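Encoded as structure tokens, the structure appears first; notes follow it.
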Amino acid sequence: MSGTPRLDDTHDVALRSWVESAHADAHPDASAVGTDFPIQNLPFGVFRHEFEERPHLGIAIGDQVLDCLEATRAGCFHALDPAVRDALQSWSLNGLMALGRTDARAVRGVASRMLRVGTPESDAAQKLRDRILVPMARVSMLVPAEIGDYTDFYASMFHARRVGALFRPDNPLLPNYKWIPIGYHGRASSIVASGSPVRRPSGQTQKGADAPPTFGPCANLDYEVELAIWVCGDNAIGEPIPIARAEEHLFGLGLLNDWSARDMQSWEYQPLGPFLAKNFVSTVSPWVVTLDALEPFRLPAFVREAGDPQPLAYLDAAADRARGGFGVTLEVSLLTAKMRDGGMPPHRLSQSEASSLYWTPAQLLTHHASNGCNLRPGDLLGSGTVSGPTDNSRGCLLEITRRGADPMTLPGGETRTFLLDGDEVIMRGWCERPGAARIGFGECRGTVRG
């Protein structure tokens, strides 16, 4: 892990693309932020044409997708190694993730020169525009990788402390929390793409301490706003990944909604933790923003409170302390069926910052592999609910409504403690700072069905 920012010409705020929609000033509303996908971003995803079953790798640029399969066949990536060109013609990002960050960085660099104004590569690419670009409105976005394993962490101290206070008022934060990244193994098979419907699960719940459990539909359905952390490269069984090399295995970040059945969870979670309350569905955003695109938005790791223990040596590195955090803003909005029918816009529920996470992504990955657990390309790590210290930065309804004790009132007079059928949860993420081009993650959406 290098402590020096890896900035290059792809981050130049003055870059312009020949794809008109890739500029903030292309938006007709001057007050709007414009696109999430300027030339400085170039995230990877997997899509399907409206007329074709075969998935293609794509790179987002404005409101268009650079079709990596067609661009490779047209010779646009001829300067890259044959193995990289093969990966760009695959059905998922796993091939590129297996090659690692260096080759992904090379792809991003070539794509930047193809899509910016004033390079020989862009002159050639513009002549192929109708072949290599496809409007986002005409494609279906898929889960970006074939996920072998999924692990969800609990990396926000603010979330852990608030939730702990609801269940253990006298001991909200367990003693191991500030020493060890807490996580559990989730279910990879039920991870779906943004826009997929969310079926309300059924399970066992208990209405009172002395009552027998009953089986039926979840009544306390919740969301959790998280960072999706995508793994690249691999390590053999028995070989840990030292924190100095952790970021070699971090391909990029996305958004994750870890849907949660709170009433089922409170009954089943002891003694072994989450099970059916968490594995019925999780939603990921379709675009993976690479760590290279995020370079201008690196931050120091979370500053621990006075008296907190410092990380053990295997989780500690000067470079991670200096720039292990990410300046990502996460926003959650709710659109109810009534609001939708009335033409109302979504209502913002919270806005939190990934910089408030107690553990960095590098620490999460290092800890995961510290016992010799082998990670593989396309594995997914969730950060856990990203919550902050303020009331408007609570990352789930369990926190916002205090387990249903404080219902919230929505525009139009509706109230909510937890999600009802027809409710759509919309998550967005972005990075911005002076001197850098704003980049975004797109959306992570899901609508609850009965």
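Things worth noting here:
- Any chance Gly307 is within 22 Å of Arg428 (Cα to Cα) and free of Cβ contacts under 8 Å to residues at least 24 places away in the same chain: no
- Residue within the range 412-433 that is outside any strand (DSSP E or B) and at pLDDT below 95 present: yes
- Of the helices (runs of 4 or more DSSP H) lying entirely inside the range 95-175, those carrying at least 2 residues that are within 24 Å of Pro361 (Cα to Cα) and free of Cβ contacts under 8 Å to residues at least 40 places away in the same chain are 101-115, 157-167.
- Among the residues of the range 207-221, those that are without any contact (Cβ under 8 Å) to a residue 40 or more places away in the chain and either assigned to a strand (DSSP E or B) or among the aliphatic types (A, V, I, L, M) (or both) comprise Ala209, Ala211, Thr214, Phe215, Gly216.
- Taking the range 372-389 as the range and being in contact with a Gly (Cβ under 6 Å, 6 or more places away or on another chain) and part of a strand (DSSP E or B) as the test, no residue passes.
- Going through (1) within 18 Å of the chain's Cα centre (by Cα); (2) surrounded by 20 or more Cβ atoms within 10 Å (Cβ to Cβ) one by one, Ala317 falls short only on (1).
- Count of the range 35-63 residues, restricted to those that are touching a residue at least 12 places away in the same chain (Cβ under 8 Å) and either in contact with a Pro (Cβ under 6 Å, 6 or more places away or on another chain) or assigned to a loop (DSSP other than H, G, I, E, B) (or both), is 18.
- Matching residues in the range 117-171 - criterion: being of a type in the set (Asp, Glu) and over 23 Å from the mean Cα position of the chain (by Cα): Glu121, Asp123, Asp130, Asp170
- Residue in the range 355-371 that is farther than 17 Å from Ala155 by Cβ and assigned to a loop (DSSP other than H, G, I, E, B) present: yes
- In the set Arg416, Arg403, Arg449, only one residue is touching a residue at least 12 places away in the same chain (Cβ under 8 Å) and either more than 27 Å from Pro217 (Cβ to Cβ) or in contact with a Phe, Trp or Tyr (Cβ under 9 Å, 6 or more places away or on another chain) (or both); that residue is Arg403.
The values are calculated or read from the model by the stated rules, or taken from the named source; none is laboratory data. Please read all numbers here as calculations on a predicted model, not as lab measurements. Don't worry about glycine lacking a Cβ; one is built from the backbone with ideal geometry, like all the others, and counts go over all protein chains shown.
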